[in-house]
Amino acid sequence: MDTNTLTIKCPRLNCPSTILRPHAAQLVHRPLLKIPEFGQAFERGPSNEVPEAKNKEWFWQVPQIMDFENIGVSHTADDGSKYLSCADCDLAPIGIQTSGDSVEFLIAANRISYHSK
């Protein structure tokens, strides 16, 4: 299993928020999972689909919400999922909390920054 070897932080330039400490998350592949682009988390199109949602295939997964150092959680979306954001600056969405029988807490690997300290 691949775990994060670096500290995962908010990608916003002036935000120092730590999202995950090293070795806290496992890298998983979710090719069908879609999350909206930054700033589109709560806007829905006419067919109730998330506009311009793009596949973000690789995610850092933690077993429970308390494994994050700092994370914000949105209200429940129509599909039962919740979007994850930086708890300090509210940049969103950086990840998703899925719904259903097996709830997952996932941060998009390409939406965060990596630091050695």
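Values quoted throughout were computed directly from the atomic coordinates according to the rules given, and no laboratory measurement underlies them. Keep in mind the model is a prediction, meaning the values are calculated, not measured. When we count neighbours, we look across all protein chains shown, and the Cβ atoms used for this are built from the backbone with ideal geometry, even at glycine.
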Query - Set of the stretch 4-24 residues, backbone N closer than 18 Å to the point 7 Å along the Cα-Cβ line of Met66 - result: 20-21, 24
Query - Sequence-distant residues sharing a close amide H with Glu69 (under 5 Å, placed H) - result: Leu20, Arg21
**Report entry** Using θ = phi - 60° and Karplus 6.51 cos²θ - 1.76 cosθ + 1.60, couplings along the stretch 12-22 (whole Hz; Gly, Pro as x)
**Finding:** 5, 3, 9, 9, x, 5, 8, 8, 9, 7, x
